[in-house]
């Protein structure tokens, strides 16, 4: 998919999920989550082409500007919305599917320092509420909801609700 197409879908996702969203131009120019995703996509392309120092520099500047820390190697789908993203962290081997919503303070982190696949993989349509933490090389299926402050340490199937510390399934959607 072309870079601008992803950005367009990210802006439309912000418009869809944020009832206070102004016009698309203002979302593009002022929403920290949209800015961070746009810059991440540029850094990710550079990372994949071997320009890792430049990618890291873009990531650093983005974190400084928005408070959102996305490793340039992380895979982010299209139509993703990061709402009030301050403190959000997405690790190196993490993957976020299409049409996901991530709120502030969310961490997609590792549980080891080894150079292995150590971060979570989110399916499509995942909603992760504020300050939730998803740790380790686990898989979260399509369309689940992760409650605020949940700590997810195990795989979860599609259409589930994850609540608590440690998170447990609370039925299906």
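If all Cα-Cα distances of segment 2-96 are sorted into 5 Å bins from 0 onward, what percent lands in each bin, rounded to whole numbers?
Bins of 5 Å from zero give 3, 15, 27, 26, 19, 8, 3, 0 percent of pairs.
In nanometres, what is the gap between the two model label sites at residue 124 and residue 8, each 7 Å from Cα along Cα-to-Cβ?
1.9
What nm value, rounded to one decimal, do you get for the distance between residue 148 and residue 30 when each label is placed 7 Å out toward the C-beta?
Rounded to a tenth, the inter-label distance reads 2.4 nm.
Subtracting the Cα-Cα distance from 0.36 nm times the residue separation, let me have the gained length for residue 54 to residue 114 in nm, one decimal.
Result: 19.2 nm gained on full extension.
Rounded to the nearest 500, what is the chain's calculated 222 nm mean residue ellipticity when only DSSP H runs of at least 4 contribute -39500 (n - 2.57) each, over all residues?
-10000 deg cm²/dmol
If neighbour count is taken as other Cβ atoms inside 10 Å, put 7, 112, 93 in order from fewest to most.
Ordered by Cβ neighbours within 10 Å, fewest first: 112, 7, 93.
Between residue 18 and residue 170, what FRET efficiency comes out of the Förster formula 1/(1 + (r/R0)^6) with R0 = 25 Å and r the beta carbon distance, rounded to 0.05?
Details: r = 26 Å, r/R0 = 1.04.
Efficiency, from the Cβ-Cβ distance: 0.45.
Springs between alpha-carbon atoms under 10 Å, Gaussian network over the chain: tell me which of 19, 144, 120 tops the mean-square fluctuations.
Checking each option, the largest mean-square fluctuation is seen for 19.
If you project the alpha carbons of segment 134-173 onto their three principal axes, what span does each projection cover, largest first, in Å?
Result, largest extent first: 22, 19, 12 Å.
If we count other beta carbons within 10 Å of each Cβ, what is the order of 9, 92, fewest first? Working shown, then result.
Numbers: 9 19, 92 15.
Placing the least packed residue first, the sequence is 92, 9.
Would you indicate which of (1) 24, 20, 13; (2) 26, 24, 16; (3) 60, 18, 14 is the value of semi-axes √(5λ) of the Cα gyration tensor in Å derived from the coordinates of this structure?
(1)
A short reminder: the numbers here are calculations on the coordinates, not readings from a lab. If you're wondering where the values come from, they're calculated on a predicted model, not measured in any experiment. A quick note on method: Cβ atoms are made from the backbone with ideal geometry, for glycine too, and the neighbour counts reach across all protein chains shown.
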